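As structure tokens, the structure follows; a few thoughts come after it.
The values are calculated or read from the model by the stated rules, or taken from the named source; none is laboratory data. Since we're looking at a predicted model, the values are computed, not measured. FYI the Cβ positions are ideal-geometry reconstructions off the backbone, even for glycines, and counts take in every protein chain you see.
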């Protein structure tokens, strides 16, 4: 006759006894390690620099696209009415009270140079030559004119354009370390322009006043 297997009660109890919990000191050590690792990750990622790189990438794309569109317009075979006035810096800023941007506090210009900006929010992005850029791009696949991701006077964070009536130049800043001077993808000193603190594109990169 088979006997029933009896397991001692104390062994059954051991199966349900929880393992030893962490002590307060051990918990503090774990929390400290997590905090250190989190700090290291934040420093490595550097969200401020990451955001700057994102804005710079947009600037690069916008300026290059404008360069392509204006060049396409110039060599489209169609009659070119105008690509802007000489000795005028067209900026992607809004001044509802003055087309010469008198109320924006922009750096003073000399030698007969002046600024020009849109006076209506509705007109800023128009591609027919009445937007901030004085070139009629409506027939060369342009939908709206781009604006700088920040588009403020502070830090010169706006797009700028000049022409001598034939050639043209576009400028923008680079605010990140990656695309700045001596950065991993330095565009300021390798773009072929004459100003090392601006990213320049166009058919003549010496048109902007140097001061």
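At-a-glance table
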read-out	value
Filtered residue count, segment 140-163, keeping only those that are farther than 21 Å from residue 52 by Cα and modelled with pLDDT under 95	5
Subset of segment 108-138 (residues that are surrounded by fewer than 20 Cβ atoms within 10 Å (Cβ to Cβ), within 25 Å of the chain's Cα centre (by Cα) and in contact (Cβ under 8 Å) with a residue 40 or more places away in the chain)	129, 134
Any hit, segment 86-95, residues being part of a loop (DSSP other than H, G, I, E, B), modelled with pLDDT of 95 or more and more than 18 Å from residue 152 (Cβ to Cβ)	yes
Test: residue 141 is in contact with a helix residue (DSSP H, G or I) (Cβ under 8 Å, 6 or more places away or on another chain) and either crowded, with 17+ Cβ neighbours inside 10 Å or touching a residue at least 40 places away in the same chain (Cβ under 8 Å) (or both)	yes
Search result, residues across segment 168-192 that are over 28 Å from residue 48 (Cα atoms) and either part of a strand (DSSP E or B) or touching a strand residue (DSSP E or B) at 6+ places or on another chain (Cβ under 7 Å) (or both)	168, 169
Residue within segment 76-88 that is over 15 Å from residue 165 (Cα atoms), surrounded by 16 or more Cβ atoms within 10 Å (Cβ to Cβ) and either out of contact with any helix residue (DSSP H, G or I) (no Cβ under 6 Å at 6 or more places or on another chain) or in contact (Cβ under 8 Å) with a residue 60 or more places away in the chain (or both) present	no
Of the criteria (1) crowded, with 17+ Cβ neighbours inside 10 Å; (2) in contact (Cβ under 8 Å) with a residue 12 or more places away in the chain, which one residue 197 fails	(1)
Checking residue 163 against (1) farther than 22 Å from residue 209 by Cα; (2) crowded, with 21+ Cβ neighbours inside 10 Å, the condition it does not meet	(1)
